[in-house]
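Asker: Got a structure here, written out as structure tokens. Questions coming.
The values are calculated or read from the model by the stated rules, or taken from the named source; none is laboratory data. None of these values were measured; they are calculated from a predicted model. Cβ placement follows ideal geometry from the backbone for every residue including glycine, while neighbour counts extend to all protein chains displayed. Please note that ligands, DNA and RNA were not included when accessible areas were found on the heavy atoms of the full protein model with its side chains. Shrake-Rupley method; radii C 1.70, N 1.55, O 1.52, S 1.80 Å.
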Amino acid sequence: MTLTRETAINAVLFVGLLIAALIAYLLDEPFIITMATKVAIFSIAGIGLNLALGYGGLVSFGHAAFFGFGGYVAGILANHALNNTLVFSWPIEMAGTNSMLMIWPVAIFLSALVALLIGVLSLRTSGVYFIMITLAFAQMIYYFAISWPAYGGEDGLPTYIRNSFPGLNTLNPIEFFLICFVWLGVSLMLCSAIVHSRFGLALQGTRQNEQRVTSVGIDPFRVKLVAFVISGGITGLAGTLYTDLNRFVSPSVFSWQTSGEIMVFVILGGVARLFGPLAGAALFITMEFTLGGMTEHWQLWLGLLLLFVVLYTPGGLIGVLTSGRGKDV
Amino acid sequence: MTFTLLIEQILNGLQFGVMLFLMASGLTLVFGVMGLINLAHGSLYMVGAFACAAVATATGSYWLGLAASLVFAALAGVLVELAIIRKLYTRGHLDQVLATFALILVFSEGTRWLFGSFPLYLNVPEILSGAVVLPGGIQYSLFRLLIIAVGFAIAGGLLALIHKTRIGIQIRAGESDREMISALGVDINKLYTIVFALGAALAGFAGALVGSIQSVQVGMGEPVLILAFVVIVIGGIGSIKGALVGSILVGVVDTLGRFLLPILFGAFMDPSSATAVGSALASMLIYMVMAGVLFFRPTGLFGLNA
Amino acid sequence: MSDPVLEVSGVTKTFGALLACNKIELDLQPGEIHAVIGPNGAGKSTLIKQIAGEQKPDSGTFKFAGHNIDILSASQRARAGLVRTFQISSLAGEFSALQNVMLAVQGASAHTFRFFKPVQSDMSLVEPAMEFLKNAGLEERAHTAASELSHGERRQLEIAIALAMQPKAFMLDEPMAGIGPGGSKVLTGILDQLRQQAPILLVEHDMDAVFSLADRISVLVQGRNFATGTVAEIRNNQAVRDAYLGEEVAS
């Protein structure tokens, strides 16, 4: 790979996040470390969405469903471990767990499964129907989470402590950051591999011209569905990390605002750019922090900025920094 | 369960349905004619509610408040269309989603700035409040009954507008063939602004009416917006008739589901878990209806290219 | 005659009140170019779409290479070697010419769901794709985005893609459409080459091309197969001349 400007910016973003967290650690600023952790987690959620939305052209407004599902898996398993109760007793007995190594695969698998179910139905449609339907399904799960009392209902579900990882003290902010940072790196590598693979070729071909892909013997529905499932799994993983960060999960993770924000990370950073979600999430969190410090009504300014980005800067932040062209395909 | 209660719930469902129709009809027109997905439609609903509350409080007249909801929502619609929405017609859905998502942030935060975070309450005038006795001895809120009547009247008017009038012909022409309507010598920009303002006024009016029953607060529009999306998916994009059928279906199914499912589960469960399971399932019911419709008719009941 | 590669039997398709295809019978023999001609709206494109699996006939069956393919999806039919080109170029516009052909090689190989190996260094894709491009005379344009190719080049790229599918039969939907006389001559040459690879079902308006290339011709009129025969038979068929050809080819 040649060292393009975009590659350089990507490296600066990635290493910059690590350095920011380490400096904050040295200066004993746990709040900054938490912000960096948030950036890492939201980036992972965005990377998941970007695979579907950016590379596959599947404008999902329902990724909160997967983010929230991952989050609740972590919350529910931890809660059962805490209370020493069974998650379910039939057909086999399933106990709760506090181990991240157990929680992650379960969360990824279940989020992917939800993505499979939602995908099978919503991928029968396209365009604006797809946007509305993914939004509607996420909203359905949101209302379910609110009205199902077993896991806290509207009040949410506290986990009190962070889940554990062998050899680390996850309650120490910098150690938990490092876990999320490693996952960010893994997600980026995974996404990069997929995008450049045979499957990635078919996926991007499907985005551009389904008829063409069909006529060379590839079923576009299957390609889109698999991309949607992988996408849901990655975003679900981000959800579990988010529960651990907050030591709490509530139905708001399923809300349409969550879907909107994940989408904002992707578009703010630059659609179908590998590091776009990282750039977008970093910008978003920084703005939330700085604007939030200046005015109570920071969302107003965020909205205006977003409008400006959409109307005048196609290509997002990375697009602006690399002056437009040169998509990473 | 008594028969009276059931009738009352059906009426509630109808009332909910016609309000959804006011939202969904604007959305479906804007999408059908301009090809625009407008997430900020819920903000126009909110604008109408706040305009009604503010004017009614200031002047002491609820009627002026209602008029204000129409005027202010339409004005907000025109303003937004001219300043921003117009630039989005030629863009992809992704840009439209993000830009109108940004508009929600601006509207919500702007309204919070002006009116604060506390809900406002509207006082419905004496003459509209109270209950009427329906045939069969059923007591029902006069105001809700009027909402149903007004909703159906607007639905009738809108269908007549679309199918009988000159502008309706232009709107329908715009849905099927954009070039044709320019060829007809129609000022397409003006038509778009009118359609958008019409949709906005209907949304604002719905916001004022629902705000009169419940409360007026920031963020009140988005849940309704998402339900309106469900309506459109069921009814088929661009179809006013589909929006009407979808709205009534969603309104009645949702209301009856919340009422009947806990009772149904109560037949073979203890009361507290019946309520829990019943209401949890009821909250998902309309989405299941949507999934079912999608499965058999991916473009909705009255979809254009079904 | 030997066994036909493609057999269309009794295919009927209606759109509302419009009868687009009316009990069409047609076959494609090994090694031949079988042209389908007819006035606009005669049902030619609808027929191609149904054979390709993009539309479902109301009734009738398709047999390809001896097997009934009615239950196969469009992508499955393509993978089986029933390969089509489009009337209006249909390419992945952002992809380079090479990537477009690579996608076809990948589709034919039926190994799409591989997630880790980068395609750029996958020689089992790149090398054959390059070879097909070279044969199509597009070697130097390999890394140009498809959307930036000229009209004629895009046509050639479509042919390269079709060849990369290792076809057992081609369906070409108006390959001459929109190309000037010079390009048309080149394509005529290419079509003559293609038939070495597999028989061709050719839908075409360019009568010069049809009469110089085709072995057999079927004339579709109002959804019906009006007549099928050799070039000479069709040329001399009075009913065909009355119905469609007019005086144009009488001389």
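Asker: Residue by residue through segment A:268-320, note down the ones that are among the polar types (S, T, N, Q) and under 22 Å from the mean Cα position of the chain (by Cα).
Answerer: Here is the first cut: in segment A:268-320, the residues among the polar types (S, T, N, Q) are A:286, A:290, A:295, A:299, A:313.
Within segment A:268-320, A:Thr286, A:Gln299 meet the criteria.
Asker: Looking for whichever is closer than 30 Å to B:Phe302 by Cα, surrounded by fewer than 24 Cβ atoms within 10 Å (Cβ to Cβ) and of a type in the set (Ser, Thr, Tyr) here; the options are A:Thr85, A:Thr134, A:Thr125. Which one fits?
Answerer: Details: A:Thr85 fails: closer than 30 Å to B:Phe302 by Cα; A:Thr134 fails: surrounded by fewer than 24 Cβ atoms within 10 Å (Cβ to Cβ).
Only one candidate passes the filter, namely A:Thr125.
Asker: Something else about it: Quick one: would you say B:Ser279 is hydroxyl-bearing (Ser, Thr, Tyr) and at the interface with chain A (Cβ under 10 Å from one of its Cβ atoms)? Steps first, answer last, please.
Answerer: Details: hydroxyl-bearing (Ser, Thr, Tyr): yes; at the interface with chain A (Cβ under 10 Å from one of its Cβ atoms): yes.
Taking the combined requirement at face value, the residue satisfies it.
Asker: I would also like to ask the following. Give C:Lys49, C:Lys117, C:Lys56, C:Lys63 a once-over and let me know the one that is of a type in the set (Lys, Arg), within 14 Å of another protein chain (Cβ to nearest Cβ), surrounded by fewer than 18 Cβ atoms within 10 Å (Cβ to Cβ) and within 23 Å of A:Asp219 (Cα to Cα). So that I can check it myself, show each step before the final result.
Answerer: Working: C:Lys49 fails: surrounded by fewer than 18 Cβ atoms within 10 Å (Cβ to Cβ); C:Lys56 fails: within 14 Å of another protein chain (Cβ to nearest Cβ); C:Lys63 fails: within 14 Å of another protein chain (Cβ to nearest Cβ).
The match here is C:Lys117.
Asker: Of everything in segment B:11-25, what is among the polar types (S, T, N, Q) and within 14 Å of B:Leu145 (Cβ to Cβ)? Give them in sequence order. Steps first, please.
Answerer: Let us first name the residues in segment B:11-25 that are among the polar types (S, T, N, Q), namely B:12, B:15, B:25.
The answer is B:Asn12, B:Gln15.
Asker: Okay, next question. Please find, within segment A:256-272, the residue that is farthest from A:Ala145 (Cα to Cα) out of those that are open to solvent by 10 Å² or more (accessible area, probe 1.4 Å) and not β-branched (Val, Ile, Thr). Reasoning before the result, please.
Answerer: Within segment A:256-272, the first condition is being open to solvent by 10 Å² or more (accessible area, probe 1.4 Å), and the residues that meet it are A:256-258, A:261, A:267, A:271.
From what is left, the residues that are not β-branched (Val, Ile, Thr) are A:256-257, A:261.
Numbers: A:Trp256: 13, A:Gln257: 15, A:Glu261: 20 Å.
Filtering segment A:256-272 for residues that are open to solvent by 10 Å² or more (accessible area, probe 1.4 Å) and not β-branched (Val, Ile, Thr), the one farthest from A:Ala145 (Cα to Cα) comes out as A:Glu261.
Asker: Kindly list the number of the only condition in (1) out of contact with any helix residue (DSSP H, G or I) (no Cβ under 6 Å at 6 or more places or on another chain); (2) modelled with pLDDT of 95 or more; (3) crowded, with 23+ Cβ neighbours inside 10 Å that fails for B:Leu79.
Answerer: If we test B:Leu79 against (1) out of contact with any helix residue (DSSP H, G or I) (no Cβ under 6 Å at 6 or more places or on another chain); (2) modelled with pLDDT of 95 or more; (3) crowded, with 23+ Cβ neighbours inside 10 Å, just (3) comes out false.
Asker: List the pairs whose first member sits in segment A:199-216 and is facing chain C (nearest Cβ under 7 Å), whose second member is basic (Lys, Arg) and surrounded by 24 or more Cβ atoms within 10 Å (Cβ to Cβ), and whose Cβ atoms are under 9 Å apart, counting only residues at least 6 apart or on separate chains?
Answerer: A:Gly205/A:Arg212; A:Ser215/C:Arg84
Asker: Exactly one condition in (1) among the small types (Gly, Ala, Ser); (2) away from chain B (no Cβ under 11 Å); (3) touching a His at 6+ places or on another chain (Cβ under 6 Å) is false for A:Ser259; which is it?
Answerer: A:Ser259 satisfies all of (1) among the small types (Gly, Ala, Ser); (2) away from chain B (no Cβ under 11 Å); (3) touching a His at 6+ places or on another chain (Cβ under 6 Å) except (2).
Asker: Check B:Leu114, B:Leu70 and return the single one that is open to solvent by 40 Å² or more (accessible area, probe 1.4 Å), part of a helix (DSSP H, G or I), touching a Phe, Trp or Tyr at 6+ places or on another chain (Cβ under 9 Å) and over 30 Å from B:Met34 (Cα atoms). Break it down stepwise before answering.
Answerer: Working: B:Leu70 fails: over 30 Å from B:Met34 (Cα atoms).
Selected residue: B:Leu114, the only one of B:Leu114, B:Leu70 that is open to solvent by 40 Å² or more (accessible area, probe 1.4 Å), part of a helix (DSSP H, G or I), touching a Phe, Trp or Tyr at 6+ places or on another chain (Cβ under 9 Å) and over 30 Å from B:Met34 (Cα atoms).
Asker: Select, from C:Gln87, C:Gln106, the only residue that is at pLDDT below 90 and either within 12 Å of chain A (Cβ to nearest Cβ) or assigned to a helix (DSSP H, G or I) (or both). Spell out the reasoning first.
Answerer: Working: C:Gln106 fails: at pLDDT below 90.
C:Gln87 is the lone residue from the list that is at pLDDT below 90 and either within 12 Å of chain A (Cβ to nearest Cβ) or assigned to a helix (DSSP H, G or I) (or both).
Per-residue answers, yes or no, for (1) crowded, with 17+ Cβ neighbours inside 10 Å; (2) in the same structural domain as C:Phe211 (by TED's automatic domain parsing):
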site: C:Ser96; (1), (2): yes, no
site: C:Gln106; (1), (2): yes, no
site: C:Glu131; (1), (2): no, no
site: C:Ile161; (1), (2): yes, no
site: C:Val186; (1), (2): no, yes
site: C:Asp192; (1), (2): no, yes
site: C:Ala198; (1), (2): yes, yes
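Asker: Conditions first: (1) buried (at least 23 other Cβ atoms within 10 Å of the Cβ); (2) modelled with pLDDT under 90; (3) not basic (Lys, Arg). B:Leu88 passes all but one, so which condition is the exception?
Answerer: (2)
Asker: Do we have B:Phe21 as more than 30 Å from B:Gln139 (Cβ to Cβ), more than 10 Å from every other protein chain (Cβ to nearest Cβ) and assigned to a helix (DSSP H, G or I) here?
Answerer: no
Asker: For segment A:147-166, give me the residue count where each residue is facing another protein chain (nearest Cβ under 7 Å) and within 23 Å of A:Asp244 (Cβ to Cβ).
Answerer: The first filter runs over segment A:147-166 and keeps only residues facing another protein chain (nearest Cβ under 7 Å), leaving A:147-149.
Now restrict to residues that are within 23 Å of A:Asp244 (Cβ to Cβ): A:148.
Number of matching residues: 1.
Asker: Does A:Val114 fit the bill of being open to solvent by 10 Å² or more (accessible area, probe 1.4 Å), out of contact with any Ser or Thr (no Cβ under 7 Å at 6 or more places or on another chain) and under 30 Å from A:Asn10 (Cα atoms)?
Answerer: On the way: open to solvent by 10 Å² or more (accessible area, probe 1.4 Å): yes; out of contact with any Ser or Thr (no Cβ under 7 Å at 6 or more places or on another chain): yes; under 30 Å from A:Asn10 (Cα atoms): no.
No: the conditions fail for A:Val114.
Asker: Does segment C:201-218 hold any residues that are in a helix (DSSP H, G or I) and either outside the structural domain of C:Gly38 (by TED's automatic domain parsing) or open to solvent by less than 20 Å² (accessible area, probe 1.4 Å) (or both), and which are they? Walk me through how you get there before you give the answer.
Answerer: Applying the first criterion (in a helix (DSSP H, G or I)) to segment C:201-218 yields C:207-213.
Across segment C:201-218, the qualifying residues are C:Met207, C:Ala209, C:Val210, C:Leu213.
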